[in-house]
Every structure is written in structure tokens, then in C-alpha cells.
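To keep things clear, I will list the structure first and then write my remarks on it.
Only the coordinates and a few stated rules stand behind these numbers; no lab work does. Keep in mind that what you see is a predicted model, and the values were worked out from it rather than measured. Please note: Cβ atoms are built from the backbone with ideal geometry, for glycine as well, and neighbour counts cover all protein chains shown.
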Amino acid sequence: MTDGMNCPGCGKDIGFMAMVKAPWTTRITCPHCRARLKYLGVRNFNIVLVTIAIAIGIPAGWFFVEFIYSGGWYFSLLILIVVLVIWWPIELAFSRYLRAKKRLALR
Ligand SMILES: [Zn+2]
């Protein structure tokens, strides 16, 4: 069965971690059989993903550098933690969406 959860190569659930580890929606590796996978029909999804990443990344990066140069490295550390805390639920929500709505295919 080809769907958004199970690997089309071995039929096992790729799980959330395979998606967290994937650098991109079309560069996923099956943790069971090492098959290289991609999601189909995710062009609009990718645009939203990049837009959100930029919206978080640019201000976070700017403040990060700003605090390093002004000697407030602990604020920079705090920003890194805040970005991770903000990103984690977004990543989970996106993974849930892909698993529920999109289809996996072999690359
Ligand atoms: Zn597999």
C-alpha cells in the first residue's frame, strides 16, 4: 500500500523520526530498508515550509548575531532554545499533515 506513512519499498511505517531527520520533503530515507523516498505533490507545501523557516530564521539569526557582538552570548543561547521550542511543534504538525494527506514514493 502506498500512502503517507508506510514505505513503498518495505511497507513499514517510516515514523516521525525519519521525517525529523530528513533535510527536505523529497529527501527522506526509510529507517527500515534505507530506501530513498519522497512525498508527491508537495510543491505548495514546500513554499509554505520555506516561508515559515525564513520568517523565523531571519529575525532569529539577526538577534543571534547582534547579541554575540554586544557581549550577550547568553541571550544568543536563549534565542537558539526559543527557535527550537517554536520549531518543534511546527515540525510535528507538518509531519502529521504529510503522513495524513500526502503519498510516499520511491525516489
Ligand atoms: Zn522501507
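In the stretch 9-61, which residues are within 9 Å of the ligand (Cβ to nearest atom) and in a loop (DSSP other than H, G, I, E, B)?
The answer is 9, 10, 11, 12, 14, 30, 31, 32, 33, 34, 35.
Filter the stretch 34-47 down to the residues that are surrounded by 12 or more Cβ atoms within 10 Å (Cβ to Cβ) and either out of contact with any Gly (no Cβ under 9 Å at 6 or more places or on another chain) or not aromatic (Phe, Trp, Tyr) (or both) and list them by number. Reasoning before the result, please.
Taking the stretch 34-47 and keeping what is surrounded by 12 or more Cβ atoms within 10 Å (Cβ to Cβ), we get 35-40, 42, 45-46.
35, 36, 37, 38, 40, 42, 45, 46 - these are the residues of the stretch 34-47 that are surrounded by 12 or more Cβ atoms within 10 Å (Cβ to Cβ) and either out of contact with any Gly (no Cβ under 9 Å at 6 or more places or on another chain) or not aromatic (Phe, Trp, Tyr) (or both).
For a quick check of your reading of the model, give me the residue pairs whose first member lies in the stretch 79-107 and is in contact (Cβ under 8 Å) with a residue 12 or more places away in the chain, whose second is surrounded by 13 or more Cβ atoms within 10 Å (Cβ to Cβ) and assigned to a helix (DSSP H, G or I), with beta-carbon atoms closer than 6 Å and at least 6 apart or on different chains.
Matching pairs, first to second residue: 79/60; 79/63; 79/64; 83/60; 95/16; 95/19.
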